[in-house]
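Chemist: Right, I'll just put the structure down here and ask away after.
The values are calculated or read from the model by the stated rules, or taken from the named source; none is laboratory data. Source: prediction; values computed, not measured. When we count neighbours, we look across all protein chains shown, and the Cβ atoms used for this are built from the backbone with ideal geometry, even at glycine. With ligands, DNA and RNA removed, areas are computed over all heavy atoms of the protein, side chains included. Shrake-Rupley method; radii C 1.70, N 1.55, O 1.52, S 1.80 Å.
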Amino acid sequence: MIVLGIETSCDDTSVAIVDTQRATGQHILALQTHHQTQEHQPYQGVVPEIAARSHLSCLSTLIQDAMKEAETSWAQLDGIAATVGPGLMGGLIVGSTMAKTLAMIHDKRFWGVHHLEAHWLTVRLTSDVTFPFAGLLVSGGHTQLAVCHGPGHYDILGETRDDALGECFDKVAKMAGLGYPGGPLVEALAEQGRTGKFSLPRPMIHKKDCLDFSFSGLKTAVRDALSTAKDTQTRADLMADFQHCVGDILSCRVEGALKKIHDIPIKSFVLTGGVGSNRFLRQRIQDTVESYGLLYAAPPLHLCTDNAAMVAWAGAEHMRKGHTHTLDQPLRPRWPLEAIKNPLSKIAKL
Ligand code: KG4
Ligand code: ZN
């Protein structure tokens, strides 16, 4: 099955074509992405109106480029998928309207993708991870521990009660004057630092049976510590302690989750989402998971952050189970993952 996917839910315009019949690791036939970092840089964050206009101006070209890269004709495509939520409304309108129009013109099946589900299923593009699997999704907007039983079927074990982890990295970077987007900049500075100088809080870590997260107290503690960290080396040390602290919190929650779901026959534990491209945290989670005798899997760094390969793949996973959305599929800027538990699975004839 060959599916074209479009991702426009935030600040990356991305188009990809995947083929489910290729071997694991070779599913991606094309991936074309325009990162809007430069456009949002002056504002130190994503400006929704600028994002929507930027998606509109480059999406058609990216689609043409992806079709060329994949050496695929419209006739060869089986379906078209686009993110329909959660995300910024302007971007969702641009990407989904393009996808629905192409599906109508070329008489293809359509699947409206849940952005978080796309992050969850990405790992199956590059690793032989079977259902059910458990995992940790850490992105700019979400932090969740869950079990994935199959496309459209998730049990959420824990979520953040305040800031998402990526948001926390971004705010720490901003307070430290590092710039935007913050995660990779914090990681780069932390690599120059030594841990042990700053004592930072590990919120809720001792709460037994709790699998939720809270990062706002940690963020405030970093802000306070920054007032004493004047030189670059001390700031690097603070970033190293911050990352170390996040590693402890995540590792503790992963252990709690693995204990709680010991009766579910999972073989793998997955790390995914933009923050999942942090090398320090990847190693930390891998060590924790492997100490429980489970397989650790994570998408390669460039597939952890937003991209259309994950959207095309999520659409393909549903389509090959016979799921198709009608073209009146609504856009949902806010959309809990649990809400897709029973996906619309009627086969819709266009
Ligand atoms: O998954 P993603 O690309 O977009 C959302 O769905 O939110 O995640 C973006 C988030 C941003 O907050 C960014 O700062 C963070 O992922 N991020 C990182 C790293 N790379 C991206 N955080 C920590 N370390 C990184 N290397
Ligand atoms: Zn994302």
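Chemist: Any chance you could count how many residues in region 110-121 are part of a strand (DSSP E or B) and either closer than 20 Å to GLY293 by Cα or within 16 Å of ligand 1 (Cβ to nearest atom) (or both)?
Modeler: Counting residues in region 110-121 that are part of a strand (DSSP E or B) and either closer than 20 Å to GLY293 by Cα or within 16 Å of ligand 1 (Cβ to nearest atom) (or both) gives 2.
Chemist: Here is a check on your reading of the model: is PRO265 within 16 Å of ligand 2 (Cβ to nearest atom) and surrounded by fewer than 18 Cβ atoms within 10 Å (Cβ to Cβ)?
Modeler: No.
Chemist: Please tell me if THR326 is open to solvent by 10 Å² or more (accessible area, probe 1.4 Å), within 16 Å of ligand 2 (Cβ to nearest atom) and in contact with a strand residue (DSSP E or B) (Cβ under 9 Å, 6 or more places away or on another chain).
Modeler: Answer is no for this residue.
Chemist: Has region 51-69 got any residue that is surrounded by 15 or more Cβ atoms within 10 Å (Cβ to Cβ), over 17 Å from the mean Cα position of the chain (by Cα) and part of a strand (DSSP E or B)?
Modeler: Within region 51-69, none of the residues are surrounded by 15 or more Cβ atoms within 10 Å (Cβ to Cβ), over 17 Å from the mean Cα position of the chain (by Cα) and part of a strand (DSSP E or B).
Chemist: Taking HIS302 and the conditions (1) closer than 30 Å to HIS55 by Cα; (2) away from ligand 1 (no atom under 11 Å from the Cβ), which numbered condition does it fall short on, given that it satisfies the others?
Modeler: With (1) closer than 30 Å to HIS55 by Cα; (2) away from ligand 1 (no atom under 11 Å from the Cβ) applied to HIS302, the lone miss is (2).
Chemist: Which of the residues that make up region 11-46 are open to solvent by 40 Å² or more (accessible area, probe 1.4 Å) and part of a loop (DSSP other than H, G, I, E, B)?
Modeler: GLN21, ARG22, ALA23, THR24, GLY25, GLN26, GLN44, VAL46
Chemist: Take LEU137 and decide whether it is in contact with a Cys (Cβ under 8 Å, 6 or more places away or on another chain) and either on the phi < 0 side of the Ramachandran plot or surrounded by fewer than 17 Cβ atoms within 10 Å (Cβ to Cβ) (or both).
Modeler: no
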